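S.K.: Take a look at this one; I'll ask things after.
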Amino acid sequence: MRPISLTTLVAEHLTTARQSTSGRSAHTIHGGRGRSLRQTLLAIAAGHGLDEHESPGEATLQVLHGRVRLASGHHTWEGKAGDFLVIPPERHSLTAIDDSAVLLTVAVRVGPADTPAKDASTHQN
């Protein structure tokens, strides 16, 4: 496995986010089908963000660059580079106060369709 430079990814994706009409750019670093953990780098230009949406389940944000505001109901939390935020298990939004990048980590529930089939030759009754 080759190491991944988060510093390089942040710089690249912030450039893309600044040029995007949505003001954001994302890159899945780890995870995918059949994995129980997904980690995604989100780069968000200042003033942009993710509108209110459902919680993905158990999830955290590590702020890698800039400052962000996480809001849910009547509660808000601000995070700056180096901060760790637990995403509430309810509808929430995320706004970049400054050009920002976060590492979103989500524990994905792996269901029967996502798990590899057992080898019939090793099944015991």
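S.K.: With +1 on each Lys and Arg Cβ and -1 on each Asp and Glu Cβ, and nothing else charged, work out how big the dipole of the stretch 25-111 is about its Cα centre, in Debye to the nearest 20.
M.R.: It comes to approximately 340 debye.
S.K.: For the stretch 64-94 and the stretch 7-49, what is the separation of their C-alpha centers, rounded to whole Å?
M.R.: 16 Å
S.K.: Another one. Between T40 and S5, what is the label-point separation in nm under the 7 Å Cα-to-beta-carbon projection?
M.R.: If labels sit at S5 and T40, their model points lie 2.5 nm apart.
S.K.: Also, I was wondering about something else. Using only Cα positions of the chain, each an equal point scatterer, no hydration layer, compute I(q)/I(0) via Debye at q = 0.21 Å⁻¹ and quote the log10 values to two decimals.
M.R.: These q points yield log10 I(q)/I(0) values of -1.22.
S.K.: Provide the packing ranking of 87-93, 40-46, i.e. peptides ordered by the mean count of other C-beta atoms within 10 Å per residue, highest first.
M.R.: Output ranking for 87-93, 40-46: 40-46, 87-93.
S.K.: Would you mind giving the average projected area, over all directions, of the Cα convex hull of the stretch 2-52 in nm² with one decimal?
M.R.: 4.7 nm²
S.K.: Also: Using helices alone, what [θ] at 222 nm do you get for the chain, with -39,500 (n - 2.57) per DSSP H run of 4 or more residues, divided over all residues and rounded to the nearest 500?
M.R.: The helix contribution divided over the chain gives -3500 deg cm²/dmol.
S.K.: Along the positive direction of the dipole of the chain (beta-carbon charges: Lys, Arg +1; Asp, Glu -1; about the Cα centre), which of I29, I44, L103 reaches farthest?
M.R.: Farthest towards the positive end: I29.
S.K.: Now, a different point. How large are Rg and Dmax for the stretch 48-110 when only the alpha carbon atoms are used, in Å?
M.R.: Taking only Cα atoms of the stretch 48-110, I get Rg and Dmax of 11.0, 35 Å.
S.K.: Using +1 at the C-beta of Lys and Arg and -1 at the C-beta of Asp and Glu, which of L94, A17, S72 has the Cα lying farthest in the positive direction of the dipole of the chain?
M.R.: The residue sitting farthest along the positive end of the dipole is A17.
The numbers here are math on the coordinates, done by the rules we state, and not lab data. Everything numeric here is computed off the predicted structure, so don't read it as measured data. No Cβ is skipped: glycine too gets one built from the backbone with ideal geometry, and neighbour counts run over all protein chains shown.
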